[in-house]
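Please read the structure below before turning to the comments.
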Amino acid sequence: MAGWLLAALICLLPTAPAHADPVPVERMDVTSRPIGRFHIGRDQKQFGPLEFVGGLEMTARGADFGAMSAFRFLKPGSDFIGVADTGFWFFGTIARDAQGRPAGVENFRMVPMVDEAGQPIGRKWEVDAEGLDVEGNVATVGFERNHRIAQFRIEPGDMRAPVRQLDFLVPKNELRQNRAFETVTRAPADGPHRGGLVVVSEKSLDKAGNIFAAIIEGPDKGIFTVKRSGDFDITDGAFLPDGDLLLLERSYRMADGVKMRLRRIAGASIARGKVADGPVLLEADMAYQIDNMEGMDVWQRADGATMVSVISDDNHSILQRNLYLEFRLHND
């Protein structure tokens with residue numbers, strides 16, 4: 001569905017009750033350390049079809065900073081919106097150096113998610129936001145624990161309660177408490193799924209051991225599954241321009257530490273009743289600049305290059321880091 005049409009439909013929905021004042025916006029100065037090498041200690045730039053462009057390790061004094069679980073660019077490679085699984089929205093801008101590499105984060109701020117009365121929600125199980133899609137001025141968010149897919153109007157200085165809830169099709173009893181919808185993404189309007197909204201769970205498995213997913217809006221509406229490969233779980237996803245789905249996956253075992261993987265799911269395999277699958281494009285372990293990689297977006301650079309950006313969730317732990325990594329995807 002075209003962005004303007006979705007926005008028009010949202011405008012016709014009932015609005016959340018007004019509140020006296022917007023909740024406070026917490027502005028933070030983010031200190032960023034540039035990451036020039038993805039493979040630690042090596043100058044290698046090419047990793048299969050992915051070329052490492054650069055990255056950032058981010059810190060800030062604000063107690064709420066971190067726990068970033070999903071994000072999307074509002075302007076390609078520049079202004080962004082995101083959700084933290086602690087119940088916050090976050091906004092900011094990626095600053096760039098003369099070569100176009102990420103150099104820092106500017107104008108960063110966080111806003112608490114609020115209830116119908118406009119009051120911040122302090123109950124973790126109500127605001128465990130994990131997936132995010134943006135279409136026009138509408139943000140669609142996937143929550144786990146209290147499983148739901150909700151839509152919000154994007155007003156960075158005045159984020160309010162959701163304007164509507166969507167039917168996610170997958171039976172609720174099939175969703176694991178802390179393994180539900182991590183991916184919320186919309187297919188290209190001119191692609192085979194014609195703008196359909198797709199959700200994929202982290203690790204809610206059917207009897208065959210495949211991961212529950214669904215096309216919840218669009219002409220191909222229905223439940224499908226994604227083949228689980230190895231011990232990796234799905235943490236985010238975004239459609240590529242050609243209609244394939246790029247999935248971000250994570251593995252953690254005490255003996256091996258954390259791993260990150262990018263897998264390209266064939267668009268043709270995403271269909272009601274089918275098991276979607278595709279090849280691994282990149283796999284990285286602790287020998288690389290990774291952490292608990294949770295969020296991803298795909299965007300087009302001004303020169304037409306397809307870019308892939310990923311972020312990590314530090315879980316507010318002193319043992320983990322907030323990272324932003326950027327790659328160019330080569331299709332030749």
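The values are calculated or read from the model by the stated rules, or taken from the named source; none is laboratory data. This structure is a prediction, so every number in the text was calculated from the model and none was measured. Please note: Cβ atoms are built from the backbone with ideal geometry, for glycine as well, and neighbour counts cover all protein chains shown. Heavy atoms of the whole protein, side chains included, go into the accessibility calculation; ligands, DNA and RNA do not. Shrake-Rupley method; radii C 1.70, N 1.55, O 1.52, S 1.80 Å.
Does region 243-257 contain any residue that is closer than 17 Å to Gly191 by Cα, touching a residue at least 24 places away in the same chain (Cβ under 8 Å) and more than 17 Å from the chain's Cα centre (by Cα)? Reasoning before the result, please.
Of the residues in region 243-257, the ones closer than 17 Å to Gly191 by Cα are 243-246.
Still in the running and touching a residue at least 24 places away in the same chain (Cβ under 8 Å): 243-246.
Those still in the list that are more than 17 Å from the chain's Cα centre (by Cα) too: 243.
Yes.
Does region 81-93 contain any residue that is within 17 Å of Ile311 (Cβ to Cβ) and open to solvent by 40 Å² or more (accessible area, probe 1.4 Å)? Scanning region 81-93 turns up at least one residue that is within 17 Å of Ile311 (Cβ to Cβ) and open to solvent by 40 Å² or more (accessible area, probe 1.4 Å).
Quick one: which residue in Arg101, Arg164 is basic (Lys, Arg) and either open to solvent by less than 10 Å² (accessible area, probe 1.4 Å) or more than 22 Å from Asp313 (Cα to Cα) (or both)? Break it down into steps so the answer makes sense when it comes.
Working: Arg101 fails: either open to solvent by less than 10 Å² (accessible area, probe 1.4 Å) or more than 22 Å from Asp313 (Cα to Cα) (or both).
The match here is Arg164.
Looking across region 176-208, the residues that are more than 19 Å from Gly273 (Cβ to Cβ) and in a loop (DSSP other than H, G, I, E, B) come down to Arg176, Gln177, Asn178, Arg179, Ala180, Pro188, Ala189, Asp190, Gly191, Gly195. Across region 285-316, the qualifying residues are those that are of a type in the set (S, T, N, Q) and part of a loop (DSSP other than H, G, I, E, B), and the one among them that is modelled with the highest pLDDT is Gln289.
What strands (runs of 3 or more DSSP E) completely inside region 100-168 contain at least 3 residues that are of a type in the set (Val, Ile, Thr)? Where strands (runs of 3 or more DSSP E) fall fully within region 100-168 and carry at least 3 residues being of a type in the set (Val, Ile, Thr), they are 138-143.
Cβ separations smaller than 8 Å between residues 6+ apart or across chains give the following pairs from region 206-229 residues that are under 17 Å from Thr140 (Cβ atoms) to residues that are surrounded by 15 or more Cβ atoms within 10 Å (Cβ to Cβ) and polar (S, T, N, Q): Ala213/Thr183; Ala213/Ser201; Ala213/Thr225. Looking only at residues in region 173-213 that are of a type in the set (Asp, Glu) and buried (at least 24 other Cβ atoms within 10 Å of the Cβ), the one that is modelled with the lowest pLDDT is Glu202. Cβ-Cβ distances below 6 Å connect the following pairs, each with a first residue in region 25-40 that is closer than 21 Å to Gly92 by Cβ and outside any strand (DSSP E or B), a second residue that is among the aromatic types (Phe, Trp, Tyr) and open to solvent by less than 60 Å² (accessible area, probe 1.4 Å), and a separation of six or more residues or different chains: Val30/Phe108.
Ala18 meets the conditions (1) of a type in the set (Gly, Ala, Ser); (2) modelled with pLDDT of 95 or more; (3) open to solvent by 20 Å² or more (accessible area, probe 1.4 Å) in every case but one. The failed one is (2). Tell me whether region 76-92 contains one or more residues that are modelled with pLDDT of 95 or more, outside any strand (DSSP E or B), under 20 Å from the mean Cα position of the chain (by Cα) and among the aliphatic types (A, V, I, L, M). No.
When region 317-332 is filtered for residues that are surrounded by 15 or more Cβ atoms within 10 Å (Cβ to Cβ) and assigned to a loop (DSSP other than H, G, I, E, B), the ones remaining, listed by number, are Gln320, Arg321. Close Cβ contacts (under 7 Å, 6 or more residues apart or on different chains) running from residues in region 259-277 that are touching a residue at least 60 places away in the same chain (Cβ under 8 Å) to residues that are of a type in the set (Phe, Trp, Tyr) comprise Ile270/Phe224; Ala276/Phe224. Checked against (1) touching a residue at least 24 places away in the same chain (Cβ under 8 Å); (2) open to solvent by 10 Å² or more (accessible area, probe 1.4 Å); (3) out of contact with any Leu (no Cβ under 8 Å at 6 or more places or on another chain), Asp291 passes all but a single condition, namely (3).
Against the test of being of a type in the set (A, V, I, L, M), over 22 Å from Thr86 (Cβ atoms), buried (at least 18 other Cβ atoms within 10 Å of the Cβ) and modelled with pLDDT of 90 or more, the options Val141, Val170 yield a single qualifying residue, Val170.
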